[in-house]
Amino acid sequence: MNFDFTDEQYQLRDAARDFFAGECDAAHVRAMWAHETGRSPQLWRQLADLGFVGLTVPEQHGGLGLSEVDLVLILEEAGRAALPEPLLETTALGVPLLVEAGRPDQQAEWLPRIAAGDAIVTVQLADAPTAVDAHIADLLLLERDGELHAVPSDRFSATAQPSLDHARRVFTVEAETGPDTRMAGGGEAAARAWDRGAWGTAALLGGIGQRLLEMSAAYVREREQFGRPVGSFQAVKHKLAETLLVVESAKAATWYAAYALAHDLPDRSEAASVAKTYAADAEHKANYEALQCHGGIGFTWEHDLHLWLKRGTALGPAYGTADAHRSTLADRLFA
């Protein structure tokens, strides 16, 4: 059995990495921290033109019709770049939820607009206190009382909430729902969406952990102490080697979860929980060791490290903490 990605999937990953390197560097992320909305319509349009936004949209609605396996490497690159735009909420969660649980008229109205880059989707499932980017979302997919609703922007209001990461803005929402907003699917579709949220967040965390590791390795090669690069000390090598091990292990778990979700395997929910647990723990390790390797400069606003430290910390609880997913796995294992 071949457990590797295809050449085309690696090409998508490379295209995403090259694009983010040119259009979403640390200066762009810093600019979004200070921006009124925290988002760039131009960058979102470029993402759509490259096919990334509509990657999971069915071909008959103008998308590429691809799956989580094709998306996972792109999400990792988005995490590696600390991309502010809501690729997770729109492409990994919103589109599949519309495809699985939307009425035909809702699909016909929204899926082509998403693929074209003309609509942004945010999602608030039952256990989530806030919705990401609700202030700019054109459509809110909302779980309420066991039902799913597709609520357009003129039917909900968003109130900003404090966020450690100013390039990832969260909001409480008040929505006006009714028979016309009700979707065809309900609780089961929402549960699958929650699994996708855990998996997609794990993919982002994997990319963040990778970037923290890269930044730390580069810094300790340059920083000298006692006339030697800090990276030549055995203790520092051990920190980075341990971090590499957990980050790569988390990626493997996330890749399997993508496969399980894409093929609707019986263990898809467990795989998503394992991925989120591994990825959250790995990012926490990378976060801690990056600060240790950088020393005092890592705490400063002037150094770019904090952009990834804060993104990782903010994403850790999203779609279930590592402890919550461990508890879920234990309940299923010992039921």
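Per residue, the accessible area of the range 140-218 comes to 38 Å², computed with a 1.4 Å probe over protein heavy atoms only. Applying both filters, DSSP loop and at most 10 other Cβ atoms within 10 Å, to the chymotrypsin sites (Phe, Trp or Tyr not before Pro) of the range 23-63 eliminates every site.
Helical runs assigned H by DSSP (4 residues or longer) give the chain a calculated mean residue ellipticity at 222 nm of -18000 deg cm²/dmol, each run adding -39500 (n - 2.57) before division by the residue total. For the range 93-250, the share of alpha carbon pairs falling in successive 10 Å distance bins from zero is 10, 30, 25, 15, 12, 7, 1, 0 percent. In the context of the full set of protein chains, residues of the range 262-335 present 48 Å² of accessible surface per residue (probe radius 1.4 Å, heavy atoms only). Simple spin-label estimate for Glu248 and Ser327 gives 3.4 nm between the two label positions (7 Å along the Cα-to-Cβ direction from each Cα).
Take the alpha carbon atoms of the range 16-68, find their radius of gyration, then divide it by 2.2 N^0.38 Å using N residues; give the quotient.
On the way: Rg = 13.2 Å, N = 53, 2.2 N^0.38 = 9.9 Å.
In units of the globular-protein estimate, the range 16-68 measures up at 1.33.
For the chain, modelled as a Gaussian network with Cα springs under 10 Å, which listed residue fluctuates most, Gly207, Gly187, Gly312? Greatest mean-square fluctuation among the candidates belongs to Gly187.
Across the accessible surface of the chain, with the other protein chains kept in place and a 1.4 Å probe, carbon and sulfur atoms take up 53 percent.
Please give the FRET efficiency for Ala31 paired with Gln60, using the beta carbon to beta carbon distance and R0 = 56 Å, rounded to the nearest 0.05. Walk me through the numbers on the way to the answer.
Details: r = 37 Å, r/R0 = 0.67.
That pair, Ala31 with Gln60, gives E of 0.90.
Sorted largest first, the spans of the alpha carbon positions of the range 182-335 along the three principal axes are 65, 32, 24 Å.
The values are calculated or read from the model by the stated rules, or taken from the named source; none is laboratory data. None of the values given here were measured: they were computed from a predicted structure. All Cβ positions, even for glycine, are placed from backbone atoms using ideal geometry, and neighbour counts span all protein chains on display. What goes into the accessible areas is simple: the full protein's heavy atoms, side chains included, and nothing from ligands, DNA or RNA. Shrake-Rupley method; radii C 1.70, N 1.55, O 1.52, S 1.80 Å.
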